[in-house]
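The values are calculated or read from the model by the stated rules, or taken from the named source; none is laboratory data. Since the model is a prediction, treat every value here as computed from it, not as a measurement. Because the Cβ atoms are built from the backbone with ideal geometry, glycine has one as well, and the counts that use them run over all protein chains shown. Protein only, heavy atoms only, side chains kept; ligands, DNA and RNA dropped before computing areas. Shrake-Rupley method; radii C 1.70, N 1.55, O 1.52, S 1.80 Å.
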Amino acid sequence: MKSAKPVPPEVVQQVADYFSLLGEPMRLRLLHLLSDGEKCVQELVEATQTSQANVSKHLKIMWQAGILSRRSCGTSAYYRVEDDTIFELCNVVYDRLATRIQKQANSFQILNSNHQ
């Protein structure tokens, strides 16, 4: 069997940091809201019903990671997804979770039918 090449610790850390970005529910909500195009911070605040400070904090983190791009227009800041592969990654996880949940539901149906 062929052995995998070692991965440099710096690369492993960068991958872990990227995944940790997606470990925050508010960031996933913001990404979902931005999936259909650019939005200003105020639109995102209204859609999430949270504070501007909270939304801005999460947008800044994703912007610094290169996931989002930002432009200013007057006093408003507009964000959009810079890296669409983030949606592919999320969809893989969503599909995996849906499959796992369906298998669990099927197991419970089998258990339920055995007790009737």
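One table, with the values for the structure above:
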item: Residues satisfying the stated conditions in the stretch 1-42, i.e. among the acidic types (D, E) and more than 11 Å from the chain's Cα centre (by Cα); result: E10, D17, D36, E38
item: Yes/no for C90 being farther than 19 Å from E24 by Cβ and either of a type outside the set (S, T, N, Q) or open to solvent by less than 60 Å² (accessible area, probe 1.4 Å) (or both); result: no
item: Those residues of the stretch 4-24 which are surrounded by 10 or more Cβ atoms within 10 Å (Cβ to Cβ), over 19 Å from Y94 (Cα atoms) and not hydrophobic (A, V, I, L, M, F, W, C), in sequence order; result: Q13, Q14, D17
item: Out of L68, L44, L30, L34, sole residue that is in contact with a His (Cβ under 7 Å, 6 or more places away or on another chain) and surrounded by 12 or more Cβ atoms within 10 Å (Cβ to Cβ); result: L30
item: Any hit, the stretch 7-21, residues being among the hydrophobic types (A, V, I, L, M, F, W, C), in contact with a helix residue (DSSP H, G or I) (Cβ under 8 Å, 6 or more places away or on another chain) and under 20 Å from E82 (Cα atoms); result: yes
item: Q116 being assigned to a helix (DSSP H, G or I), modelled with pLDDT under 90 and open to solvent by 60 Å² or more (accessible area, probe 1.4 Å); result: no
